[in-house]
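What follows is calculated from the coordinates using simple rules that are stated; it is not laboratory data. This one's a predicted model, so the numbers in the text were calculated from it and none came from an experiment. Methodologically, a virtual Cβ is constructed for each residue, glycine included, from the backbone with ideal geometry; neighbour enumeration extends over all protein chains shown.
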2 protein chains.
Amino acid sequence: MKRPEPLADGVTAPKGFVASGIAAGIKKNGRPDLALLFSASPCAGAGVFTRNQFPAAPVRLSARHLASGRVQAVLINSGNANACTGPQGEQDALKMASLAARGLGIARRSVCVASTGVIGEPLPLEKIAGALPSLFPSLSREGGHLAAEAILTTDTQIKQVAFRAEISGDAVTLGGMAKGAGMIHPQLATLLAFVTTDARVDEQTLGRALREAMEESFNRISVDGDTSTNDMVLLLANGRSGVTVPSRGKDYRIFADLLTQVCQQLAQKVAWDGEGATKRVTLRIEGARNRREAIQVANAVVRSPLVKTALFGEDPNWGRIIAAAGSSGVSLALSRISLWIGGAPLVVKGAAQGKEAEAVAARHLKERDIELCLTLGSGKGAVRYWTCDLSLDYVRINASYRS
Amino acid sequence: MKRPEPLADGVTAPKGFVASGIAAGIKKNGRPDLALLFSASPCAGAGVFTRNQFPAAPVRLSARHLASGRVQAVLINSGNANACTGPQGEQDALKMASLAARGLGIARRSVCVASTGVIGEPLPLEKIAGALPSLFPSLSREGGHLAAEAILTTDTQIKQVAFRAEISGDAVTLGGMAKGAGMIHPQLATLLAFVTTDARVDEQTLGRALREAMEESFNRISVDGDTSTNDMVLLLANGRSGVTVPSRGKDYRIFADLLTQVCQQLAQKVAWDGEGATKRVTLRIEGARNRREAIQVANAVVRSPLVKTALFGEDPNWGRIIAAAGSSGVSLALSRISLWIGGAPLVVKGAAQGKEAEAVAARHLKERDIELCLTLGSGKGAVRYWTCDLSLDYVRINASYRS
């Protein structure tokens, strides 16, 4: 089997998808803030939505439209979350779908919508309505890049990825774009991700593959532990490659692994572009009693502001990592725990390894990509997480977000 | 009944307690770092200890000594946590107790010890041994202030409080000192608190009163959600007032309420002196289904870096508070939720109240003391929490703690 081939594009890499993005004036700073993704034919869809108790209007609408049948387009705005906006927000989300549907000549319920930005302010619908007429004619494969740019908020760079693989000798392509930056934590956050494929996959199989991919991607990243009202991950399959993905077996595995790879790369881009991040951190937990406990320990470590500020300070303050693990609620024995920062074993079976190991770790911490590995010595449970440091800029960005 | 009378001192306000503090050279900056608290007669004791899976050696030792009988002294060092220090750390904690016991002429098991500071470095026992001989002769009532200073780490101010009340016409005094600053979260943190009283109370009653007080004080504060390896709250009663507190009834209530007041004021001082704090925040949750759910929602709000950075930025960004509540895992209906910042109702039954209310809230946020009130409309469960904002200085302090 050939290895999956990375491609330069994102959501428009698979056959039959076009996109575009534009500045509609929703963001005060005049940056692009309205994106449209369109498939030449109706798609099977799968989605994962925020578990926040107050899902924003676009989240509820998209979940309904996804459940009711085939989706063909997604309209996304940044700069305003249309969250906590009451009945008016519901109407505005519906109106967004209507406007896109009318322009594209498809049914309203074939359109999903997504919003991200400030919570609790009415959506400036007239700006969206005003900008849409110039968005439709610009839909193209090349427009994928513009769409990926228009969905960003405090992100510092666009996040897209695409791969091509072979299933039974035929090419299948998956592509995706995402935005993140703040509020990123397992079970989603102000995270929007859109993944497309030209494979033909039934909705049940698609949903199963997406849930599987989530476990190794968007559910394993953390920026600041918050979970937003607006998160969603949408996966659309239009079948344009002519290749059908079965519900199990080798060909399902190829597809599901490729999807995991796309989601994982998008998730890493999100985690590592966390607000104010200066470090790209990969945390491995090994030797937990089971995977659930590994996740619980990882969660405690990646949530710890003390750990994250130490990483920002390039300080191999391993005591904070150990203390965070110890506060996770998982039963642990210090005498069985080891900790590596980069290649340096700072703690081996509970014993500190001294200044020399710390010096090696300190050098590793000066790099951009940081590897932490904590082994618990209790079993075979393991997990990988991606996160970033907590910097002065995180506070600056979030203290002044609305001003 | 007369109202409890506030006193100027701390742990040495109750009869028969003396204390002192000194710079033993444990802290690199030469600040006071060794404190001793001594009672003229043995005390009934009660304690609450960290739930971190890796309790530091002094925590384990103090829990043992407290369980084994009467305690008469507490030796506390700052600058080094003696945590994650293995068998050597156990020996060092025991040696601390021995050194204090020998100098005071009491049994080793009558001494509790506590440490706070950097994790994972060997305790510089020779510095403690060297400084103790000059610490013993300086023990005095006036020395309470010196002890309160010597237990601090990144705290910006001394935390002590004392009250006198009457029980059946006789005066009973309670006093306390605490240190906090980082890692503060419910179920303790790098929190040390020592409370003394000259009431005579049996150990069972003392333990019950302390657990009751914890529920309204140290378990209701949060700085950054971390839980340290070294937390402890110790309560010592030497009976020197001649007043006996019964195990129930009116007089128990007077004592327990006074203890709650002392603990609550210490807890507030800790929360509001959180690392880098610029705001003293009180959060009330009301109308929860029950108290447990109120606590769960409060926890999500006070842990949220997005809420805390908005408070630092004096931004009435109420959407973040609502979103944090919505991510708490408690089932909530937005249409029943109201939120006040100061006197300004920003959200009433799920509906945003607009720019005028926000302007009032923005003015309130410019003050030092911030009141947030979130009503959930689900029942009668309520709780009060104390926290602070997340400032640029929090990151500065924690990125450079060890350097």
Notebook entry, point to check: What would the Debye formula give as log10 I(q)/I(0) at q = 0.08, 0.09, 0.12, 0.13 Å⁻¹ for the alpha-carbon point model of chain A, no solvent?
Noted result: -0.43, -0.54, -0.91, -1.04
Notebook entry, point to check: Quick one: Karplus J couplings for the range A:368-377, per residue in order, coefficients 6.51, -1.76, 1.60, θ = phi - 60°, nearest Hz, x for Gly and Pro?
Noted result: 7, 9, 10, 10, 10, 9, 10, 10, 9, x
Checklist line | Shielding score for B:310-319, defined as the mean number of other chain Cβ atoms within 10 Å | finding: 5
Note to self: What do you get for the angle between helix B:291-303 and the principal long axis of chain B? Use alpha-carbon atoms, 0 to 90 degrees, nearest ten.
What the structure shows: 90 degrees
Check: Would you list A:Trp318, A:Trp340 from fewest to most Cβ contacts within 10 Å?
Finding: A:Trp340, A:Trp318
Check: So for chain A, taking the charge dipole from beta-carbon charges (+1 Lys/Arg, -1 Asp/Glu), which of A:Gly276, A:Ala73, A:Ile151 sits furthest toward the positive end?
Finding: A:Ala73
Notebook entry, point to check: How large is ³J(HN,Hα) for each residue in the range A:155-160, as worked out from phi by the Karplus curve 6.51 cos²θ - 1.76 cosθ + 1.60 (θ = phi - 60°), to whole Hz, x for Gly and Pro?
Noted result: 4, 9, 8, 6, 10, 9
Notebook entry, point to check: Among B:Thr154, A:Thr85, what is the fewest-to-most ranking by other Cβ atoms within 10 Å?
Noted result: B:Thr154, A:Thr85
Next item on the list: Work out from phi, with θ = phi - 60° and the Karplus expression 6.51 cos²θ - 1.76 cosθ + 1.60, the ³J(HN,Hα) of each residue of the range B:100-106, listed in order in whole Hz, and give x for Gly and Pro.
Entry: 5, 4, 4, x, 8, x, 10
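Could you work out, residue by residue across A:7-15, how many beta carbons of other chains sit within 10 Å of that residue's beta carbon, and then give the average as an integer?
Details: counts 0, 0, 0, 0, 0, 0, 0, 0, 0.
Going residue by residue through A:7-15 and averaging, the value is 0.
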Margin query: Can you tell me the orientation of helix B:249-272 relative to chain B, as the angle in degrees between its alpha-carbon axis and the longest Cα principal axis, to the nearest 10?
Written below: 80 degrees
Notebook entry, point to check: What is the range B:280-399 by shape, rounded, prolate or oblate, if you read a ≥ b ≥ c off the alpha carbon gyration tensor as root eigenvalues and call it rounded for a/c under 1.5, prolate for a/b larger than b/c, and oblate otherwise?
Noted result: oblate
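Based only on Cα atoms, what Rg/Rh ratio does the protein assembly as shown have, Rh being taken as Kirkwood's radius?
Using Cα coordinates only, the ratio equals 1.03.
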Check: Relative to the first principal axis of the alpha-carbon coordinates of chain B, what is the inclination of helix B:354-365, with its axis defined by its Cα atoms, in degrees from 0 to 90 and to the nearest 10?
Finding: 20 degrees
Next item on the list: Per residue of A:74-85, count partner chain C-beta atoms within 10 Å of its C-beta, then hand back the mean as an integer.
Entry: 2
Next item on the list: Find out how many positive minus negative residues lie around B:Gly276, taking Lys and Arg as positive, Asp and Glu as negative, among other residues whose Cβ is under 9 Å from that of B:Gly276.
Entry: -2
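Helix-only mean residue ellipticity at 222 nm, chain B, DSSP H runs n ≥ 4 weighted -39,500 (n - 2.57), per residue, nearest 500. What is it?
So the calculated ellipticity at 222 nm is -10500 deg cm²/dmol.
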